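Participant: Structure in structure tokens, see below.
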Amino acid sequence: LTMKLPRPLSQSSISLYGECPQKYKFKYIDKIPEKPRHFFAFGQSVHLALEYFYGATEPRAPSLEDLLKRYREIWVKPGYRDEFQEAEYFEEGRGILTRFYDKHAKTYHVPYFVEYAFNFEYEGVPITGRIDRIDKLPDGRLSVLDYKTGKKLAAGRLDIDAQLTMYQFACESQLRAEVGELVFYHLPTLKEHRAARRGAALVSELTARIVSTAEGITSERFE
């Protein structure tokens, strides 16, 4: 039996409910508008440019000129303090994309999936999400990549990050292929931080949280 939720659960809505059920209610039920934030706008702009880079059907990379043109066109404006801050971030993104291009254009490949959107049910709970990129490893297993544009990754986060656990769970449920590795790609440093696939304990912790969050929301527990 499908649970009646205001919207399917994503990892970010699960973690918001875990942090403060009232905050979840404000955002997803009362739909109180949030102030745009520059770091979300910046992350989205770079993500959209990389979606264009890897979205080609040709087995070769688009030109750097085309990539930067696309970046200019899709630039997300709201959230910056003023035009100076916006210009500073625009240049930072330009630099990230140029260095990314220099590093990856020569070994370009069409990924297995770009911006893979998943929607499925677990124990009657609808779940949704989107994965930045999925590659096929030589052994047929999957490499799941999550791009990060923030300044720094917290130590130890990779091994327990619930978002990556959710991505593994979704891939193995929907694509019927085993995940071989989980990757945080930190774009400012062009470093790929890799972790082995999640063990059963982290996955069952996630599935228990999916069910308990859904129960809390449907029972209207918003303390």
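The values are calculated or read from the model by the stated rules, or taken from the named source; none is laboratory data. All of these numbers come straight from a predicted model, not from anything done at the bench. In this analysis, Cβ positions are derived from the backbone assuming ideal geometry, glycine residues included, and neighbour counts consider all displayed protein chains. With ligands, DNA and RNA removed, areas are computed over all heavy atoms of the protein, side chains included. Shrake-Rupley method; radii C 1.70, N 1.55, O 1.52, S 1.80 Å.
Participant: Can you pull the percent of segment 1-131's accessible area that's carbon plus sulfur, 1.4 Å probe, other chains left in place?
Facilitator: 54 percent
Participant: Please sort by residue number the trypsin sites (Lys or Arg not before Pro) in segment 48-90 whose DSSP state is loop and whose Cβ has at most 14 other Cβ atoms within 10 Å.
Facilitator: Within segment 48-90, the qualifying trypsin sites (Lys or Arg not before Pro) (loop, at most 14 other Cβ atoms within 10 Å) are ARG60, ARG81.
Participant: Mean residue ellipticity at 222 nm from the helices of the chain, using -39,500 (n - 2.57) per DSSP H segment of n ≥ 4 over the full residue count, to the nearest 500 deg cm²/dmol?
Facilitator: Mean residue ellipticity, 222 nm, calculated: -14000 deg cm²/dmol.
Participant: Would you list, by chain and number, the aspartates and glutamates whose Cα falls below 20 Å from the Cα of LYS106, excluding same-chain residues fewer than 8 positions away?
Facilitator: Cα-Cα hits under 20 Å: GLU51, GLU58, GLU65, ASP66, ASP135, GLU192.
Participant: Here's something else I'd like to know. Only loop residues by DSSP count here, and only those with at most 16 other Cβ atoms within 10 Å; note down the trypsin sites (Lys or Arg not before Pro) in segment 155-198 that meet that.
Facilitator: The qualifying sites are ARG176.
Participant: Dipole of the chain, Cα-centred, from +1 at each Lys and Arg C-beta and -1 at each Asp and Glu C-beta, to the nearest 20 debye?
Facilitator: The calculation lands at about 140 debye.
Participant: Which whole-number percentage describes the relative contact order of the chain, with Cα contacts under 8 Å and a sequence gap of 6 or more?
Facilitator: 23 percent
Participant: Which percent, nearest 5, of DSSP beta bridges in the chain are antiparallel?
Facilitator: Around 70 percent of the beta bridges assigned by DSSP in the chain are antiparallel ones.
Participant: Where in segment 95-143 are there chymotrypsin sites (Phe, Trp or Tyr not before Pro) that are in a DSSP coil and have at most 10 other Cβ atoms within 10 angstrom of their Cβ?
Facilitator: Within segment 95-143, no chymotrypsin sites (Phe, Trp or Tyr not before Pro) qualify (loop, at most 10 other Cβ atoms within 10 Å).
Participant: Under a 1.4 Å probe, what is the accessible area of the chain per residue, stated in Å²?
Facilitator: I get 55 Å² per residue for the chain.
Participant: Of LYS27/LYS148; LYS77/LYS151; LYS35/LYS152; LYS25/LYS148, which pairs sit farther than 22 Å apart, going by alpha carbon to alpha carbon?
Facilitator: Correct reply: LYS27/LYS148; LYS35/LYS152; LYS25/LYS148.
Participant: Here's another thing I want to ask about it. Just checking my list [x] -0.20, -0.42, -0.51; [y] -0.35, -0.69, -0.81; [z] -0.25, -0.52, -0.63 against log10 I(q)/I(0) by the Debye sum over Cα atoms at q = 0.07, 0.10, 0.11 Å⁻¹ computed from this structure; which label fits?
Facilitator: Among [x] -0.20, -0.42, -0.51; [y] -0.35, -0.69, -0.81; [z] -0.25, -0.52, -0.63, the one derived from this structure is [z].
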